[in-house]
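Beneath this line is the structure, given in structure tokens, with notes to follow.
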Ligand SMILES: Nc1ncnc2c1ncn2[C@@H]1O[C@H](COP(=O)(O)OP(=O)(O)OP(=O)(O)O)[C@@H](O)[C@H]1O
Ligand SMILES: [Mg+2]
């Protein structure tokens, strides 16, 4: 057994990749062994996903070679890779929203007779896969009706459904998951490991990496930095290798004291309800306050924020500056200086084919309108360049299509877009999803800064440390209902107890 | 603006070449082929003629570019062209003067386009279905006043549009130039144009960003209707009459011009510059093959093949960039 587990299954030698003039990978190398979890760690845009896409046959290396299971390996496309036993769960979800979970999981491999799909067999097969993996999803549901976390589980099921995997790549599989689903995923990984399957794992969540990894390779700016065994390294050392400097703290300190309880709320919500999604939720938030929202899958946090932003109808009373406010559409919401960094950047946040500049100015076009509706292009460009600098978005220029940015940098672009609207109330739904530790710190600093300037912030996150580290107060939701409003200093145990509904 | 231009003195040209290089080459190759095969092709008189011939298609294609940019389609413009001509003829018969008739015709175009837009946006129906239906309805409407017979137009000002020149250029060409500039500026320089690009690129993200996507959609179908009505005015002016079958299948040429010019059927991408080059390619193919007396059915086949080739080259060059 021990001889088998040390078997080299994948060897990457001197792989380079150019996208036009942009060099995404330079002489990368990597050795992955069977039965081990090998984590790739690097900042946003370091080249992790690019390397994985080369292994999956989505991109082709500009130079270098790969050996897989002892033979040269150069897959033409993902099907080709799957046939060799290499499967990948992509960072960006690649599901068809108007098809069912079952159809998505078995896409291109539907059980069929003479080209006619056997729907019952399809559903049965998908249900089997989902059950074997222990995932809580209904395979007959349309993907479009699922939450981001559930969609991510479907993506995982799709990736893991090939016959005899030898190497499984998971590119930020947990970025939308809460702890409960993360645990399910980890037990799946343990089972794969026991079968001798090798895993390449990518994540920006350090605790997760320390819990799961056997080997850790750090890459920076497309170059190999080092490989360490988990036992021989600490989180701080890894971060230092990754960002090239020491980082002492994860959450920046407050810049000003939390607003006193006597302050009038800027936003107050009373008896907010929507059938089947959330019920009788009430809370308020003051100027300069950071109000955290925590809950598990199905707790209704994102749905409620969508309703607050006018994307969905809901009943209840919303007051802004103590005046009743009707917000029937995002136009109303933006008019009242509310901004909403949505959870699903690809569908709700960005126009992938358009430039970084156009995406950043998108929600604040009115600011750049001159007489007769002409655009003040120069002001627009200046604003976009400023935001790119402020959020350290890694892009060749502001004219680059946002779709070619790395996942974390796309996320920062969404943030930039909403910061440009200079909101009084800022709703953040998983604002650091897929963002590296260094950049997370920068984003937290900006959130602190905004709060100090008087912006009220509603921070939704499935990362408990994040909500605890950042919030002045914390709203915990469970199955669509508010289960507790806690002070910022609450312990993780108390929060989890309210989130799971197990309070006695 | 000025210093920015100064700093990047050659950049705009380089960018234009990169973006339109492919179709510009196609355009030049076509011109060379036709001038080798027929020496009369490359004469000023003939090129003027080509420009006049493409006017009707080019203007309709400007409207189509907006619609396709939004990820929608408007198949009814051929019928709107005919309705516009017939509306004008009937207005003159009823004793209206030039200006009132002109305004009425444009309003008719706006109303028909607006109907397409409202049905698409407010009822949430696919524009393909809506405009297939209105294509039939509008085509039927044309024949109502005359029972299918053509109607003469004798107003001298109306006829002058298609026949006279102004400072050395046919009025028709002036109209194309003015409308090109108008659409180009509206699309590339205004917030409305930007909203169209964003809505076409990702409708959901546009809604979240506070863009009134329904309003954008209805306005754009109205623009398409108005452009088609102007095409109808030019056509009826050149024919001295309103024909009930005028403009039949022009929507296909307009779509071809827009797509040749790089407008993406998926939405979010396209320019008026591309479209005018696309319209020139189609016009030159029509004219060149007519001059060579190529039978009509061969012309159809050649045109179809050229469109396939151009679109394929375009897709391939975009993939190569990955
Ligand atoms: N299709 C593409 N075209 C052009 N550049 C690209 C493309 N895909 C990636 N890049 C560039 O390659 C670099 C590496 O990107 P990659 O997605 O591999 O980063 P990553 O390490 O996965 O980052 P993240 O943690 O944010 O997901 C980035 O600078 C990115 O902009
Ligand atoms: Mg990535």
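The values are calculated or read from the model by the stated rules, or taken from the named source; none is laboratory data. These numbers were taken from a predicted model, which means no experiment stands behind them. Neighbour counts run over all protein chains shown; Cβ positions are idealised from the backbone, glycine included.
Here are some notes:
- Single unsatisfied condition, residue A:388 versus (1) more than 10 Å from every other protein chain (Cβ to nearest Cβ); (2) surrounded by fewer than 23 Cβ atoms within 10 Å (Cβ to Cβ); (3) away from ligand 1 (no atom under 16 Å from the Cβ); (4) part of a helix (DSSP H, G or I): (3)
- Checked against the criterion of being within 14 Å of another protein chain (Cβ to nearest Cβ), more than 16 Å from ligand 1 (Cβ to nearest atom) and in contact with a strand residue (DSSP E or B) (Cβ under 8 Å, 6 or more places away or on another chain), the candidates A:366, A:373 yield just one match: A:373.
The rows are residues; the columns are (1) within 23 Å of the chain's Cα centre (by Cα); (2) at pLDDT 95 or above; (3) buried (at least 22 other Cβ atoms within 10 Å of the Cβ); (4) in a helix (DSSP H, G or I).
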| position | (1), (2), (3), (4) |
| --- | --- |
| A:293 | yes, yes, yes, no |
| A:299 | yes, no, yes, no |
| A:304 | yes, yes, yes, yes |
| A:307 | yes, yes, yes, yes |
| A:316 | no, yes, no, no |
| A:319 | no, yes, no, no |
| A:327 | no, yes, no, no |
| A:331 | no, yes, no, yes |
| A:334 | no, yes, yes, yes |
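- If the condition is being surrounded by fewer than 21 Cβ atoms within 10 Å (Cβ to Cβ) and within 7 Å of chain B (Cβ to nearest Cβ), then segment A:337-347 contributes only A:347.
- Filtered residue count, segment A:259-275, keeping only those that are under 14 Å from residue A:304 (Cβ atoms) and free of Cβ contacts under 8 Å to residues at least 40 places away in the same chain: 1
- Taken together, the residues in segment A:37-78 that are part of a loop (DSSP other than H, G, I, E, B), within 14 Å of chain B (Cβ to nearest Cβ) and crowded, with 18+ Cβ neighbours inside 10 Å amount to 3.
- Every condition in (1) in a helix (DSSP H, G or I); (2) closer than 24 Å to residue B:190 by Cα; (3) at the interface with chain B (Cβ under 10 Å from one of its Cβ atoms) holds for residue A:351 except the one numbered (1).
- Qualifying residue in segment A:182-202 (condition: within 16 Å of ligand 2 (Cβ to nearest atom), away from chain B (no Cβ under 14 Å) and without any contact (Cβ under 8 Å) to a residue 60 or more places away in the chain): no
- Taking every residue in segment A:398-425 that is assigned to a loop (DSSP other than H, G, I, E, B) and pairing it with any residue that is within 10 Å of ligand 1 (Cβ to nearest atom), at least 6 positions away or on another chain, the pairs with Cβ-Cβ distances below 6 Å are A:405/A:395; A:406/A:44; A:406/A:45.
- Consider segment B:159-193 and keep the residues that are surrounded by fewer than 15 Cβ atoms within 10 Å (Cβ to Cβ) and within 30 Å of residue B:213 (Cβ to Cβ). The one that is farthest from the chain's Cα centre (by Cα) is B:185.
- Every test in (1) at pLDDT below 95; (2) closer than 30 Å to residue A:391 by Cα is passed by residue A:50 save one, and that test is (1).
Results for (1) more than 14 Å from ligand 2 (Cβ to nearest atom); (2) within 14 Å of another protein chain (Cβ to nearest Cβ); (3) under 28 Å from residue A:235 (Cα atoms), shown as yes or no for each residue.
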site: A:392; (1), (2), (3): yes, no, yes
site: A:400; (1), (2), (3): yes, yes, no
site: A:404; (1), (2), (3): no, yes, no
site: A:408; (1), (2), (3): no, no, yes
site: A:423; (1), (2), (3): yes, yes, no
site: A:438; (1), (2), (3): yes, no, yes
site: A:449; (1), (2), (3): yes, no, yes
site: A:456; (1), (2), (3): yes, no, no
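- Within segment B:221-250, the set of residues being assigned to a helix (DSSP H, G or I) and farther than 14 Å from residue B:76 by Cα comprises B:230, B:233, B:234, B:235, B:236, B:237, B:238, B:239.
- Identification of strands (runs of 3 or more DSSP E) wholly contained in segment A:431-504 with 1 or more residues that are without any contact (Cβ under 8 Å) to a residue 24 or more places away in the chain yields A:481-487.
- Filter pass, residue A:226 being more than 16 Å from ligand 2 (Cβ to nearest atom), under 17 Å from the mean Cα position of the chain (by Cα) and either assigned by TED's automatic domain parsing to the domain that holds residue A:152 or in contact (Cβ under 8 Å) with a residue 60 or more places away in the chain (or both): no
- Within segment A:422-435, if we keep just the residues that are buried (at least 22 other Cβ atoms within 10 Å of the Cβ) and modelled with pLDDT of 90 or more, the residue that is farthest from ligand 1 (Cβ to nearest atom) turns out to be A:423.
- Counting the residues of segment A:262-291 that are surrounded by fewer than 14 Cβ atoms within 10 Å (Cβ to Cβ) and out of contact with any strand residue (DSSP E or B) (no Cβ under 8 Å at 6 or more places or on another chain) gives 3.
- Annotation: residue A:21 fulfils all but one of (1) more than 23 Å from residue A:219 (Cβ to Cβ); (2) away from ligand 2 (no atom under 15 Å from the Cβ); the unmet one is (1).
- Selected residue (criterion: nearest to residue A:43 (Cα to Cα)) from residues of segment A:157-176 that are more than 16 Å from ligand 2 (Cβ to nearest atom) and in contact with a helix residue (DSSP H, G or I) (Cβ under 7 Å, 6 or more places away or on another chain): A:168
- Lone qualifier among B:229, B:196 - being more than 14 Å from chain A (Cβ to nearest Cβ) and under 20 Å from the mean Cα position of the chain (by Cα): B:229
- Condition check for residue A:18: under 27 Å from residue A:440 (Cα atoms), part of a strand (DSSP E or B) and within 13 Å of ligand 1 (Cβ to nearest atom): no
- Applying the set (1) more than 13 Å from ligand 2 (Cβ to nearest atom); (2) at negative phi; (3) more than 14 Å from chain B (Cβ to nearest Cβ) to residue A:85 leaves exactly one unmet item: (2).
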